[in-house]
Amino acid sequence: MQWESGLSEVLPRDLGSLFSDTYTEESCYKFCGQELRITQLYGANLGVAAPVWDAALNLCSYIEEQKLNFKGKKVIELGAGTGIVGILVSLLGGDVTVTDLPHTLPQIEKNVLANVPPNQIPRVCALSWGLDQEQFPQDFDYIIGADIVYLKETYPLLIQTLQHLCGPHTTVLLSSKMRQEHGTVAFFQNVLPQHFALELVQRDEDEDINIYKVTRCQN
């Protein structure tokens, strides 16, 4: 696992206002023998979707360390942001659908086209939790998400979405910064276990990032 970053381009949106500037930053990451060049569009109304968060890098590292086999597997990424995890899984042979809110899709599409060969291109789709999930199938082998648990008001919507997408044989991998003040810890300790079985499979003490393996409860 390696990564490096550098400012690649500055694109001012409004020269009359210092605080409306938009710029892109390109970072290079290496996982599983793949080199990923990820563009982050800061100041483009993307908010938390713009950066590559440490939880996404930790999930990529976990995939590398565990040598997870995605060949021929159906995978959906929730709240993809830059799309880095879904892109890696695509390069590892997964049949991937990358999702996030509509305004984030141009950034994801740019990164997909920059990294994934034409014969492996994942689908990039809008998915608003609690609203659009029923437009997606229920036969995914994996659901993945990195740092998507940070807004308390979205937690019931995320549960609804997971309940629809998660079949009896689906494995969910959620990597999350454990933000006490945002209710992240309570979500994993109290909310999610009411609906799913979960196991802590990796903890980064320095970054306070947990990775959970989540499955349907067996009745």
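Only Lys, Arg, Asp and Glu count, each charged at its Cβ (+1, +1, -1, -1), so figure out the dipole size of region 45-154 about its Cα centre, rounded to 20 debye.
For region 45-154, the charge dipole is close to 240 debye.
Quote the charge dipole size of the chain about the Cα centre in Debye, to the nearest 20; the model charges only the Cβ of Lys and Arg (+1) and of Asp and Glu (-1).
Here the chain has a charge dipole of around 600 debye.
For the chain, set up a Gaussian network in which alpha carbons nearer than 10 Å are linked by springs, and say which option among A55, A197, A80 fluctuates the most.
Most flexible of the set in this elastic network: A197.
Mind checking which of L68, P117, P168 is farthest towards the positive end of the chain's charge dipole, using Cβ charges of +1 (Lys, Arg) and -1 (Asp, Glu) about the Cα centre?
Comparing the listed Cα positions along the dipole, P168 ranks first.
Choose one answer from V185, V124, V89: the residue with the largest mean-square fluctuation in a GNM of the chain with alpha-carbon springs under 10 Å.
Per the Cα network of the chain with a 10 Å cutoff, V185 tops the list.
For N69 and N190, calculate 0.36 nm times their separation in residues minus their Cα-Cα distance, and state this gained length in nm to one decimal.
Between N69 and N190, full extension yields an extra 40.5 nm.
What trypsin sites (Lys or Arg not before Pro) does region 126-212 have in DSSP loop regions with at most 14 other beta carbons within 10 Å?
R179
Tell me, what % of the accessible area of region 67-219 is carbon and sulfur with a 1.4 angstrom probe?
Carbon and sulfur atoms account for 49 percent of the accessible area of region 67-219.
Per residue, how many Å² of accessible area does region 115-219 show with a 1.4 Å probe?
About 51 Å² of surface per residue is accessible.
With the chain treated as a Gaussian network of Cα nodes joined by springs under 10 Å, which of N58, N115, N69 yields the largest mean-square fluctuation?
N69
Choose one of G86, F140, C32: the residue whose Cα lies farthest towards the positive end of the charge dipole of the chain (beta-carbon charges +1 Lys, Arg; -1 Asp, Glu; about the Cα centre).
F140
Assuming 0.36 nm per residue, please report the length gained on full extension of the stretch L151 to Q135 beyond their Cα-Cα distance.
Using 0.36 nm per residue and subtracting the Cα-Cα distance, I get 3.4 nm.
The values are calculated or read from the model by the stated rules, or taken from the named source; none is laboratory data. Predicted model, so just to flag it, every value in this text is computed and none were measured. Neighbour counts run over all protein chains shown; Cβ positions are idealised from the backbone, glycine included. With ligands, DNA and RNA removed, areas are computed over all heavy atoms of the protein, side chains included. Shrake-Rupley method; radii C 1.70, N 1.55, O 1.52, S 1.80 Å.
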